[in-house]
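Data block below; observations after.
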Amino acid sequence: MRPANSTRQSIMTDRKAAITAVGHYLPEERLTNRDLEKLVDTSDEWITSRTGIKERRILRDPDKATSYMAVRAAQMALDRRGLGADEVDLIILATVTPDMLFPSTACLVQAELGAGNAWGFDVLAACSGFLFSLSVAARFIESGKHERVLVIGADKMSTIVDYTDRTTCILFGDGAGAVLLEANTEGYGLLDSVEHVDGNDWQGLCMPGGGSLNPPSPATLEKKMHYLFQDGQPVFKKAVVGMARVAEEIMKRNNLTGDDVRYLVPHQANLRIIDATARRMGISMDKVMLNIERYGNTTAATLPLCLADWEHELAPGDNLVLAAFGGGYTWGAAWVKWAYDAATLKPVH
Ligand code: UT7
C-alpha cells in the first residue's frame with residue numbers, strides 16, 4: 001500500500017483544474033469614441049491610436065449592478081456544460097465594483113443562481129483579479145477539496161468612471177465573463193501560474209474614497225474620491241514591463257517557445273502594452289486574443305471575455321498564456337492547456 005504522503009503527492013501533481021465551459025454577458029448599449037467626443041475634449045483618432053479602443057459596452061440601468069452581469073455569465077457557462085447550479089462547490093468572483101462593500105458579490109450571485117451547495121468569496125485584485133482567482137480556484141481542485149468551481153470576472157466600471165475626465169473615461173467598459181473549472185487527470189487545465197503584487201506605488205491607480213481610510217463624506221464627494229484615479233504614464237510604463245516580463249517568465253520556466261503557444265490571452269488595457277508583451281514572447285499578433293476595440297478595459301472581465309470570443313477556435317491541447325497587470329500593482333501570468341472542443345458543448349443562445 002502506498003504511504004499517505006505519496007498518495008497526496010500524486011493528487012497534487014496529476015489532478016489539474018481544467019476550464020470546461022465559458023460564459024459571458026455584455027450589455028447592449030455601446031459607447032463609441034464619437035459619443036465620447038461629445039462628452040470630453042477628445043477624438044476618435046487620439047483614442048484609437050493611443051489605446052486601440054473604438055467602443056465599450058455600458059450597463060445603463062441603475063438597478064442592475066455587477067452581480068446582474070456575473071449571474072448571466074455564470075449561468076451561460078453552466079447551461080453550455082449541461083450542469084445545474086447545485087453542482088457547483090465554490091464561486092470565486094473577481095471585481096473592483098462589487099454591488100456593495102459587503103456582503104460579497106459572490107454571495108449575491110450564489111443566491112441568484114440557486115447554487116445551494118456552493119460557498120464563495122470576492123477577490124479584489126483589479127485587472128489581475130480573474131487571473132488571481134483562477135490560481136486560487138485551481139488550488140481547491142488540485143487538493144481534492146472541490147470538483148467544480150465557478151470563476152467569474154465582472155465589473156460595472158461605468159459606476160466609478162468620471163465622464164468629465166478625458167484621461168480615464170475613454171478607457172473603461174462594463175461586462176462579465178465566467179469559466180467553470182473541473183478536475184482533470186488527462187494533463188489539461190491550469191499547469192502553472194505566477195503572481196506578483198507591489199503595493200509601493202498604489203497611488204498610481206486607485207479609487208481613494210469609500211473605504212475606511214476615506215469614508216464617504218461631503219468632502220470625499222467634492223474631491224471626486226469615489227471615482228477611479230489613474231496616473232496614466234507611470235502605470236503604462238509599469239504595465240509594459242510587468243506584463244511582458246511575467247509572460248516571458250512563465251514561458252521560460254516551462255520551456256515554452258513562441259511556436260508552442262497557440263494564443264496569448266492578455267488583459268485588454270492598451271493595445272500598445274499587448275503588442276510589447278507579444279513581442280517579448282516572440283509571437284505574432286495573429287496569435288493574440290484582442291477585443292479591446294469592441295469592449296475597452298472591463299477590468300476583471302477582460303480575460304474571460306477573450307476566452308468567450310475565441311473559444312470556437314480552440315482545440316484540446318492548445319497552450320494558452322494568460323497575462324494581466326493592474327492596480328495595486330498586481331500582475332501575473334498563467335499557462336493553461338485547453339481542455340475541450342466548443343462544438344461538443346450546448347450552443348450559446
Ligand atoms: O488596466 C489597468 C492598468 N492600466 C493600464 O495599463 C493603462 C496604462 N496607461 C495607458 O494606457 C496610457 O497611459 C493612457 C492611454 C491612459 C494615456 O496615453 P499616453 O500616451 O500615456 O498619454 P499621456 O497621458 O502621456 O497624455 C498625452 C497627451 C497629454 O497632453 P499634453 O500634456 O501632451 O498636452 C494629455 O493631456 O494627451 C492628452 N490626453 C488626451 N488627449 C485627447 C490625455 N487623454 C486624452 C484624451 N483625448 N482622451
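Just so it is clear, none of the values below were taken in a lab; they were calculated from the coordinates. Everything numeric in this text was worked out from a predicted model, so none of it was measured. Cβ sites come from the backbone with ideal geometry, for glycine too, and all protein chains shown count toward neighbours.
Worth a mention:
- Toward the positive end of the charge dipole of the chain, with +1 on the Cβ of Lys and Arg and -1 on the Cβ of Asp and Glu, the farthest Cα among Ala244, Ile292, Pro347 is that of Ala244.
- Relative contact order (%) - criterion: Cα under 8 Å, at least six apart; region: the chain: 25 percent
- 5 Å-binned pair-distance histogram of segment 191-342 (Cα, whole percent): 2, 9, 18, 20, 18, 12, 8, 6, 4, 2, 1, 0
- Extended-chain gain in nm, criterion 0.36 nm per residue less alpha-carbon gap, Asp201 and Glu45: 53.1 nm
- Computed extension gain for Asp286 through Glu147, at 0.36 nm per residue and net of the alpha carbon distance, reaches 46.6 nm.
- From helices alone, the chain scores -10000 deg cm²/dmol at 222 nm; the rule is -39500 (n - 2.57) for each run of n ≥ 4 DSSP H residues, then divide by the residue total.
- Stretch gain in nm, segment Tyr163-Arg34, where the contour uses 0.36 nm per residue and the Cα spacing is subtracted: 45.0 nm
- Ranked packing of 302-308, 237-243, most packed first, by mean Cβ within 10 Å: 302-308, 237-243
- Look at the dipole of the chain built from charges on Cβ: of Pro216, Trp202, Leu108, the Cα furthest out on the positive end belongs to Trp202.
- Packing-based exposure ordering (other Cβ within 10 Å, fewest first) of Phe102, Phe325, Phe121: Phe102, Phe121, Phe325
- Point-charge dipole on Cβ atoms (K/R +1, D/E -1) for segment 4-186, about Cα centre, debye to 20: 360 debye
- Percent of Cα-Cα distances greater than 16 Å, calculated over segment 257-321: 41 percent
- Computed over segment 191-342, relative contact order equals 33 percent, with contacts defined as Cα pairs under 8 Å that lie 6+ residues apart.
- Residue order, fewest to most beta carbons within 10 Å, for His146, His226: His226, His146
- For segment 145-228, fraction of C-alpha pairs farther apart than 16 Å, in %: 71 percent
- Sequence-separation-based contact order of segment 4-186, relative, with Cα cut under 8 Å and 6+ spacing, percent: 34 percent
- Volume of the Cα convex hull of the chain, divided per residue and given in Å³: 146 Å³
- Per-pair calculated FRET efficiency, R0 = 35 Å: Asp61 and Asn117 via Cβ, rounded to 0.05: 0.70
- Computed from the Cβ-Cβ distance with R0 of 45 Å, the FRET efficiency linking Glu186 to Ser212 stands at 0.45.
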